[in-house]
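**Student:** Pasting a structure here, questions to come.
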Amino acid sequence: WLTGTAPLRQPSPVGGELIGRRAVLALGGGVVATAGFVGIAAYLNKRAAFGYDGKQYVGADVQPIAPIDRFDSVTKNSVAPEPTKAFWRLEIGGLVQHARTYTYDELHALASIEQETTLMCISNQPDGGLMSNAKWQGVPLKMLIDAAAPQGNIMELKLFGADGYTDTIPYTKAMEPTTLLAYGMNGEPLPQKHGYPVRVIVPGMYGEKNVKWVTRIELVDYDAKGFYEQQGWGPNFVIPTHSRFDAPDFRMPLPAGKPVTLKGVAFCGDRGVSRVEISTDDSATWQEARRDYPGTRLTWALWSYEWTPPKPGAYRLAVRATDSNGEVQTAERRDIVPQGALGYHRVTARVV
């Protein structure tokens, strides 16, 4: 991913891919839609000051590890920065006893780990594909924080990207061993589009917190506000439980009396997916699906369910997931502004 995004609703068909542009600022608890604001937004969109381009990874061929060229991508930038390893530096500063600046080679020489982590955009709808899973290689951020010797009552880390983007993560989250400074993706050097040479990976928090092209990390003792939070997003950026259908293509009719394989993904942030259930009667009853790829606490799970429609008609289907803490996905509907969407993905299957 990503440095975050703030588009309006982006419906997408199962099995399809959507690339869209949005120019919307979330102000307070919602979106201001006055004529004056619309004019300003249109001007900014033309100037690409707030252009949001989203590539979705969704469909019947979704794999446990998303190919790099299909990994979903959202950015606020019209032109992405292109830092080089030779000139890139990472500063660790703020309330620390030992401020430090690392070169790429110095960071790369530290003990590294590889972990799968799924990233998801705050603009992802229940049916959306603005999330993907990858194998990331990098250094636990905790290692650099400990070396800097934090001083005082640290509340947050303020993250700075080479593109001028800023965001924050809680100090407690930064100290978790799974929060990484990543320089590798799926066994390759981190692509420029995804934050080369180094980006932050923060499992369980929306993509905007996973700052790309990171150049400075500052420890602070106050509630700093990042780029999107200043526009009214948040204050909660923890990923809730999501699940969706990826197959079949429900725009096409299904045959009565013949088995069909329902497929999709489920994601519970950094809490892991323990169960996926399918309803074929508009949420009246639920049946457990098979987790073909169970994933880890930090990743999505891929599921399937064999269903034989008994007779012609219209069937209302839904999917829900349960995390490893036993919390079942909520059916409550909520739009993406300001804390991300909630609710079941529901589809209508037309059986003939």
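The values are calculated or read from the model by the stated rules, or taken from the named source; none is laboratory data. These numbers come from a predicted model, not from an experiment. Backbone-built Cβ (ideal geometry, glycine too); neighbour counts: all protein chains shown. Heads up: the accessible areas ignore ligands, DNA and RNA and are worked out on the full protein's heavy atoms, side chains in. Shrake-Rupley method; radii C 1.70, N 1.55, O 1.52, S 1.80 Å.
**Student:** Quickly run through segment 81-103 and pick out the residues that are part of a loop (DSSP other than H, G, I, E, B), open to solvent by less than 40 Å² (accessible area, probe 1.4 Å) and aliphatic (A, V, I, L, M).
**Tutor:** Listed by number, the list is empty, since nothing qualifies.
**Student:** Which residue pairs have Cβ atoms closer than 6 Å, lie 6 or more positions apart in sequence or on different chains, and pair a first residue in segment 197-223 that is in contact (Cβ under 8 Å) with a residue 12 or more places away in the chain with a second residue that is among the basic types (K, R) and surrounded by fewer than 24 Cβ atoms within 10 Å (Cβ to Cβ)?
**Tutor:** Once the first residue is in contact (Cβ under 8 Å) with a residue 12 or more places away in the chain and sits in segment 197-223, its partners that are among the basic types (K, R) and surrounded by fewer than 24 Cβ atoms within 10 Å (Cβ to Cβ) give P197/K85; E218/K158; V220/K158.
**Student:** Could you list, in sequence order, all residues of segment 234-261 that are touching a Phe, Trp or Tyr at 6+ places or on another chain (Cβ under 9 Å) and not in a strand (DSSP E or B)?
**Tutor:** Across segment 234-261, the qualifying residues are G234, F237, I239, T241, P259.
**Student:** In addition: Using the structure shown, decide if H98 is more than 20 Å from the chain's Cα centre (by Cα) and farther than 23 Å from V220 by Cα.
**Tutor:** Here the answer is no, as H98 does not meet what is asked.
**Student:** When you look at K158, is it closer than 30 Å to D335 by Cβ and among the charged types (D, E, K, R), yes or no?
**Tutor:** yes
**Student:** If you go through segment 208-225 one residue at a time, do you hit one that is among the small types (G, A, S) and buried (at least 21 other Cβ atoms within 10 Å of the Cβ)?
**Tutor:** Looking for residues that are among the small types (G, A, S) and buried (at least 21 other Cβ atoms within 10 Å of the Cβ), one finds none in segment 208-225, hence no.
**Student:** State whether the residues of segment 149-169 include one that is open to solvent by less than 30 Å² (accessible area, probe 1.4 Å), in contact with a Gly (Cβ under 6 Å, 6 or more places away or on another chain) and not acidic (D, E).
**Tutor:** Among the residues of segment 149-169, at least one is open to solvent by less than 30 Å² (accessible area, probe 1.4 Å), in contact with a Gly (Cβ under 6 Å, 6 or more places away or on another chain) and not acidic (D, E), which makes the answer yes.
**Student:** Restricting to segment 170-195, name every residue that is of a type in the set (A, V, I, L, M, F, W, C), crowded, with 22+ Cβ neighbours inside 10 Å and without any contact (Cβ under 8 Å) to a residue 40 or more places away in the chain.
**Tutor:** A174, L190
**Student:** Now for a different question. Among the residues of segment 262-280, how many are closer than 22 Å to T308 by Cα, open to solvent by 10 Å² or more (accessible area, probe 1.4 Å), polar (S, T, N, Q) and in a strand (DSSP E or B)?
**Tutor:** Counting residues in segment 262-280 that are closer than 22 Å to T308 by Cα, open to solvent by 10 Å² or more (accessible area, probe 1.4 Å), polar (S, T, N, Q) and in a strand (DSSP E or B) gives 0.
**Student:** Okay, moving on. Name the pairs whose Cβ atoms lie under 6 Å apart, with the first residue in segment 273-287 and without any contact (Cβ under 8 Å) to a residue 60 or more places away in the chain, the second in a loop (DSSP other than H, G, I, E, B) and of a type outside the set (D, E, K, R), and 6 or more positions between them or separate chains?
**Tutor:** Listed pairs, sorted by first residue: S274/S324; V276/A289; E277/W286; I278/A289; S279/W286.
**Student:** Then there is this: Out of Y344, Y315, report the one residue that is in contact with a strand residue (DSSP E or B) (Cβ under 6 Å, 6 or more places away or on another chain) and open to solvent by 30 Å² or more (accessible area, probe 1.4 Å). First the steps, then the outcome.
**Tutor:** Details: Y344 fails: open to solvent by 30 Å² or more (accessible area, probe 1.4 Å).
When all the criteria are applied, what remains is Y315.
**Student:** Ok, one more. Show the residue pairs that are 6+ apart or on different chains and have beta-carbon atoms under 9 Å apart, the first residue being within segment 125-147 and under 16 Å from T172 (Cα atoms), the second being in a loop (DSSP other than H, G, I, E, B) and open to solvent by less than 10 Å² (accessible area, probe 1.4 Å).
**Tutor:** P140/T179; L141/T179; L141/V202; K142/T179
**Student:** Can you pull out every residue in segment 125-148 that is in contact with a Gly (Cβ under 8 Å, 6 or more places away or on another chain) and part of a loop (DSSP other than H, G, I, E, B)?
**Tutor:** Result: P126, G129, L130.
**Student:** If you don't mind, there's one more thing I want to ask. Check S274, S283 and return the single one that is under 20 Å from the mean Cα position of the chain (by Cα), within 15 Å of Q329 (Cα to Cα) and hydroxyl-bearing (S, T, Y).
**Tutor:** None of the other options fit; the residue is S274.
**Student:** Say we look at segment 296-316 and pick out the residues that are part of a loop (DSSP other than H, G, I, E, B) and in contact with a Pro (Cβ under 7 Å, 6 or more places away or on another chain); which of these is farthest from G272 (Cα to Cα)?
**Tutor:** In this case the residue turns out to be T308.
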